[in-house]
Amino acid sequence: MFSLVIKTYIALTTFSLSLRIFVDSAGFTYEGFRGDPRHYDVSSHNSKVVCYWGTWSNYRPNAGKFTPENINPKLCTHIIYSFAGLEGSSNSENPWSIKSLDPWMDLEDEYRLAGFRKVTDLKYVNPKLKITLAIGGWNEGSTKYSEMARDATKRKTFTESVITFLKQYNFDGLDLDWEYPAKRGGIPEDKDNFILLIKDLRAAFQPHGYILTAAIGAAVPTIDTSYDIPAMYKYLDLVHVMCYDYHGKWDKKTGHNAPLYSRPEDTGKDVYLNVENTVKHLLSKGAIPEKNCIGSSFLWEGIQTRKSS
């Protein structure tokens, strides 16, 4: 069974549980709301519903603003605070350590906004809720993660900094969002070094009971380039497959951002850019279905054509 990851940085309370997706080797079935959706929460099922909250939504104007106070903690089994970063300079004060990317939003000293505390405090509302911290994201790039993962001493420094950081800010674990090993300035050896990194983290997390997860690319070429699937699934508790952004403005045409299946009119690589193909490929490579969370794109993307049609 595959669980659901919610990629929504606007309104968790409105859309996050409108659909659960179950996948097996034969394909997909869907289960919608049970009962009144206004009263839907995760206590009614045993699936994992993983919700990312992006701190930048705090800075949107008017109705677009979405703060920790807006999160309904009963709609998710896991909430992932996005994102922390990596201090990649050997000349910095804390080289190769995890760091806040937005101290004004994250921290609470000097009258700052206390995002870390406000989100982790949601566990008092829903004691079963797990709240973890994501590190990385697209803007963090790949180069410094590649440099850290290839060096045992730097991996040790990073791992120790993560343990300290999670304890200090009351998180339940870490989500690795390195985009992507062996790509975007990385090296081919990143595929193996990523496994060394998560193996080190797994060993360090074990005594503390911390959760270790990763967000991975969904396109087949990225999967094959970046990840040793059997080894990765051995050490991670959950794998968040980013089954969105298959398509976008770079295609120079309109279409579905995250199609479940290929369409009859698809040609070339578009035939393979869909959730079904991603899932089947992961399974064929040795993915453990129970550890997979399928990312679902509950966000909005506007398209403006050059002329009316």
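Count of segment 119-142 residues, restricted to those that are aromatic (Phe, Trp, Tyr) and more than 17 Å from the chain's Cα centre (by Cα), is 1. Selection within segment 71-99: residues that are part of a loop (DSSP other than H, G, I, E, B) and β-branched (Val, Ile, Thr). The member of this set that is nearest to Phe158 (Cα to Cα) is Thr77.
Here Lys253 does not fit the description of being within 19 Å of the chain's Cα centre (by Cα), over 20 Å from Pro221 (Cα atoms) and not acidic (Asp, Glu). What residue, among those in segment 105-126 that are in contact (Cβ under 8 Å) with a residue 12 or more places away in the chain and either within 15 Å of Ala84 (Cβ to Cβ) or aromatic (Phe, Trp, Tyr) (or both), is surrounded by the fewest Cβ atoms within 10 Å (Cβ to Cβ)? Among residues in segment 105-126 that are in contact (Cβ under 8 Å) with a residue 12 or more places away in the chain and either within 15 Å of Ala84 (Cβ to Cβ) or aromatic (Phe, Trp, Tyr) (or both), the one surrounded by the fewest Cβ atoms within 10 Å (Cβ to Cβ) is Arg117.
On the given criteria, is Ser89 surrounded by 17 or more Cβ atoms within 10 Å (Cβ to Cβ) and not β-branched (Val, Ile, Thr)? For Ser89, the condition - surrounded by 17 or more Cβ atoms within 10 Å (Cβ to Cβ) and not β-branched (Val, Ile, Thr) - is not met.
The lone criterion from (1) in a loop (DSSP other than H, G, I, E, B); (2) under 20 Å from Ile223 (Cβ atoms); (3) among the hydroxyl-bearing types (Ser, Thr, Tyr) left unmet by Thr305 is number (2). Among residues of segment 185-198 being hydrophobic (A, V, I, L, M, F, W, C) and part of a helix (DSSP H, G or I), the one that is surrounded by the fewest Cβ atoms within 10 Å (Cβ to Cβ) is Leu196.
Per the conditions (1) surrounded by 14 or more Cβ atoms within 10 Å (Cβ to Cβ); (2) hydrophobic (A, V, I, L, M, F, W, C); (3) over 20 Å from Glu160 (Cβ atoms); (4) over 16 Å from the mean Cα position of the chain (by Cα), the sole criterion not satisfied by Trp96 is (3).
Restricting segment 253-274 to residues that are in contact with a strand residue (DSSP E or B) (Cβ under 7 Å, 6 or more places away or on another chain) and either farther than 20 Å from Ile80 by Cβ or acidic (Asp, Glu) (or both) leaves a set whose member that is modelled with the highest pLDDT is Leu260. Among the residues here, Phe171 does not qualify as in a helix (DSSP H, G or I) and either at negative phi or surrounded by fewer than 17 Cβ atoms within 10 Å (Cβ to Cβ) (or both). When segment 228-241 is limited to residues that are touching a residue at least 60 places away in the same chain (Cβ under 8 Å) and crowded, with 22+ Cβ neighbours inside 10 Å, the one that is farthest from Asp270 (Cα to Cα) turns out to be Leu238.
If the condition is being more than 17 Å from the chain's Cα centre (by Cα) and closer than 12 Å to Ser226 by Cβ, then segment 150-204 contributes Ala182, Lys183, Arg184, Gly186, Ile187, Pro188, Glu189, Asp190, Lys191, Asp192, Asn193, Ile195. Residues of segment 262-277 that are in contact (Cβ under 8 Å) with a residue 24 or more places away in the chain and surrounded by fewer than 16 Cβ atoms within 10 Å (Cβ to Cβ): none at all.
The values are calculated or read from the model by the stated rules, or taken from the named source; none is laboratory data. Not measured: the values here are computed from a predicted model. Counting neighbours? That spans all protein chains shown, and the Cβs are built from the backbone with ideal geometry, glycine included.
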